[in-house]
Amino acid sequence: MRYAWIFLLLVAFVLAGCGGTNNSGTEPATSGNAADSSATTTAGSELQPLTIDASGGETVRLQVEIADTDAERQRGLMERTALGEKRGMLFVFDSETTLSFWMKDTLIPLSVAYLDSEGRIIDIQDMQPLDETSHPSAEPAKYALEVNQGFFEEHGVEVGDPAELPV
């Protein structure tokens with residue numbers, strides 16, 4: 001009987017759905033948090049290197065999961081309980097548009113950097129766990145990079161800094 005309840009809870013969780021993208025005025029793209037105990041990620045791809053030439057003078061290197069399908073972008077980092085120190089998720093969209101993210105079902109605080117098609121950071125915002133407030137990009141963006149909250153500030157990353165993206 002106990003296993004039946006566990007199965008039903010898992011089915012209910014899956015059917016509850018995830019957030020979505022806000023490219024058409026619907027729900028914002030989601031965030032979430034991930035433990036990173038292996039090189040294989042829940043987004044279905046291996047971790048990829050991403051480098052930012054920070055205004056603070058540091059070359060910031062991190063490993064990112066790539067979310068480039070609707071399903072991966074909708075799932076984001078939801079339900080995860082940890083994100084490694086120099087880890088993140090790079091959301092890749094087909095073209096530049098105003099992007100908007102929220103923290104539905106996301107358990108850890110994150111910062112999001114929006115990047116244009118050239119890989120230049122155009123906006124950075126902090127987001128709180130489980131908050132369904134939309135965080136739209138200040139300008140049209142093609143990419144969004146989520147990391148642990150405070151990561152950008154800690155490493156001197158600012159709006160205008162260029163990033164070398166793995167895509």
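The values are calculated or read from the model by the stated rules, or taken from the named source; none is laboratory data. As the structure is a prediction and not an experimental result, all values here were calculated from the model. Here the Cβ is made from the backbone with ideal geometry for all residues, glycine too, and neighbour counts use every protein chain on show. The area values use the complete protein model at the heavy-atom level, side chains included, leaving out ligands, DNA and RNA. Shrake-Rupley method; radii C 1.70, N 1.55, O 1.52, S 1.80 Å.
Quick look at the numbers
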read-out	value
Complete set of residues in the stretch 30-55 that are closer than 12 Å to PRO166 by Cβ, in a strand (DSSP E or B) and at pLDDT 95 or above	GLN48, PRO49, LEU50, THR51
Selection count where residues are under 14 Å from the mean Cα position of the chain (by Cα) and either within 15 Å of GLU164 (Cα to Cα) or not aliphatic (A, V, I, L, M) (or both), scope the stretch 95-122	11
Any hit, the stretch 126-147, residues being of a type in the set (S, T, N, Q) and not in a loop (DSSP other than H, G, I, E, B)	no
Subset of the stretch 128-150 (residues that are open to solvent by less than 40 Å² (accessible area, probe 1.4 Å) and under 23 Å from GLU118 (Cα atoms))	HIS135, SER137, ALA141, TYR143, ALA144, LEU145, GLU146, VAL147
Flag for GLU65 being charged (D, E, K, R), touching a strand residue (DSSP E or B) at 6+ places or on another chain (Cβ under 6 Å), free of Cβ contacts under 8 Å to residues at least 40 places away in the same chain and farther than 17 Å from ALA54 by Cβ	yes
Conditions (1) out of contact with any Ser or Thr (no Cβ under 9 Å at 6 or more places or on another chain); (2) free of Cβ contacts under 8 Å to residues at least 60 places away in the same chain; (3) within 20 Å of PRO49 (Cα to Cα); number of the one not met by ASP94	(3)
Filtered residues of the stretch 56-70 (kept if outside any strand (DSSP E or B) and at pLDDT 95 or above)	ASP68, THR69, ASP70
